[in-house]
1. Search segment 155-180 for residues being among the charged types (D, E, K, R) and over 22 Å from Ala100 (Cβ atoms), and hand back the single one that is most open to solvent (accessible area, probe 1.4 Å).
2. Just one of (1) open to solvent by 10 Å² or more (accessible area, probe 1.4 Å); (2) more than 15 Å from the chain's Cα centre (by Cα) trips up Leu107, so point out which.
3. Of all residues in segment 40-55, which are open to solvent by 20 Å² or more (accessible area, probe 1.4 Å) and closer than 20 Å to Ala16 by Cα?
4. Can you pull out every residue in segment 1-18 that is aliphatic (A, V, I, L, M), open to solvent by 40 Å² or more (accessible area, probe 1.4 Å) and touching a residue at least 40 places away in the same chain (Cβ under 8 Å)?
5. Do we find a residue being closer than 26 Å to Ala139 by Cα and surrounded by 14 or more Cβ atoms within 10 Å (Cβ to Cβ) anywhere in segment 31-38?
6. So which of Ala121, Ala154 ends up being in contact with a Pro (Cβ under 6 Å, 6 or more places away or on another chain) and modelled with pLDDT of 95 or more?
7. Could you check how many residues of segment 132-149 are surrounded by 20 or more Cβ atoms within 10 Å (Cβ to Cβ) and touching a strand residue (DSSP E or B) at 6+ places or on another chain (Cβ under 7 Å)?
Amino acid sequence: MDEPIPVTRTVDHGTAKLMPDIDRERAWLLTVDGAPQSYVDLDEPTYLEFEYARRLGHVLDTVARPGLPLDALHLGGGALTLPRYLAATRPGSRQDVVEADRGLLDLVVEKLPVPEDAGIALHGADARAWLEDAPAASADVLIADVFGGSRVPAHLTSEAYARETARVLRGDGVYLANLADASPFVFLRSQLATFSTVFEELALIAEPGVLRGRRFGNAVLVASHRPLDTAALMRRTASDAFPARVEHGDTLRVFIGDAKPVRDEDAVPSPEPPSGAFSVG
């Protein structure tokens, strides 16, 4: 890289910084305004450093037989960690990545480019606007990892948004979202209630400490019209360095409790993380 390391760049929604990992020769951490956004290893795209990314990877590994190419739509690009992962684990996949921060997208394309034959198409656009224009039944998986700063934008939390995700997915397609919350889980419970109005099957993957209300943290929401392979997900998440629980069925219904689906007019962003929750030195 020609610029000083770490690379610092003003992008559309803050200050992005690319910092090298001293333990891995071509691995980089991307932060925006100090909050970690992505980690990529250009030599080993199947290596997922962040816990939530590994959990999303476990879902992507189990939605279809190993190696089968998928049509994927990613809302939120970051440093393209999961598109790279899917291209490596399911060669021949066709992927669209929608990232609202065009400056960030330009930085990633310049400094951390993906191979031209990877089947990854990049689009600078608002996630929901792109989704509403996307063809029906065009994706096998839809992965939402969109944060404005450290919060999920309000317009990506409503029932109308959930209906759009279902429209774009094929009948056996799967929706995945990276969310964040803390006890009493007002936001997380509302998201589960919202997606339960559109999809028959739901699962939630998170660390036990987060689910017990001990700290703020990430949770992966999974939704589909077909039964999810929760047994395989449980095995994979339990074997991680930081094991996670997979909640589904009756226990998830108890967790949702009396939470109501979110309407567009009532939608709010996810809660602001406590100071230091996602920051790096």
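1. Taking the candidates together, the pick is Asp172.
2. Against the list (1) open to solvent by 10 Å² or more (accessible area, probe 1.4 Å); (2) more than 15 Å from the chain's Cα centre (by Cα), Leu107 comes up short only on (1).
3. Result: Leu42, Glu49, Phe50.
4. Filtering segment 1-18 down to residues aliphatic (A, V, I, L, M) leaves 1, 5, 7, 11, 16, 18.
The next check asks that each one be open to solvent by 40 Å² or more (accessible area, probe 1.4 Å); those that pass are 1, 5.
Of everything in segment 1-18, just one residue is aliphatic (A, V, I, L, M), open to solvent by 40 Å² or more (accessible area, probe 1.4 Å) and touching a residue at least 40 places away in the same chain (Cβ under 8 Å), namely Met1.
5. First, pick out the residues of segment 31-38 that are closer than 26 Å to Ala139 by Cα: 37-38.
Imposing the further condition that a residue be surrounded by 14 or more Cβ atoms within 10 Å (Cβ to Cβ) reduces the set to 37-38.
Within segment 31-38, one or more residues are closer than 26 Å to Ala139 by Cα and surrounded by 14 or more Cβ atoms within 10 Å (Cβ to Cβ).
6. Just a single option satisfies the conditions, and that option is Ala154.
7. 8
Listed here are the residues, each with its yes/no results for (1) over 18 Å from Leu221 (Cα atoms); (2) open to solvent by 10 Å² or more (accessible area, probe 1.4 Å); (3) touching a Gly at 6+ places or on another chain (Cβ under 9 Å); (4) not hydrophobic (A, V, I, L, M, F, W, C).
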position	(1), (2), (3), (4)
Gly57	no, no, no, yes
Leu60	no, no, no, no
Pro66	yes, yes, no, yes
Gly76	no, yes, no, yes
Arg90	yes, no, yes, yes
Gln95	yes, no, yes, yes
Val98	yes, no, yes, no
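The values are calculated or read from the model by the stated rules, or taken from the named source; none is laboratory data. Model, not experiment: these values are computed from the prediction. Cβ coordinates were reconstructed from backbone atoms using ideal geometry, including for glycine residues, and neighbour counts include every protein chain displayed. We work out accessible area using only protein heavy atoms, side chains counted, and drop any ligands, DNA or RNA first. Shrake-Rupley method; radii C 1.70, N 1.55, O 1.52, S 1.80 Å.
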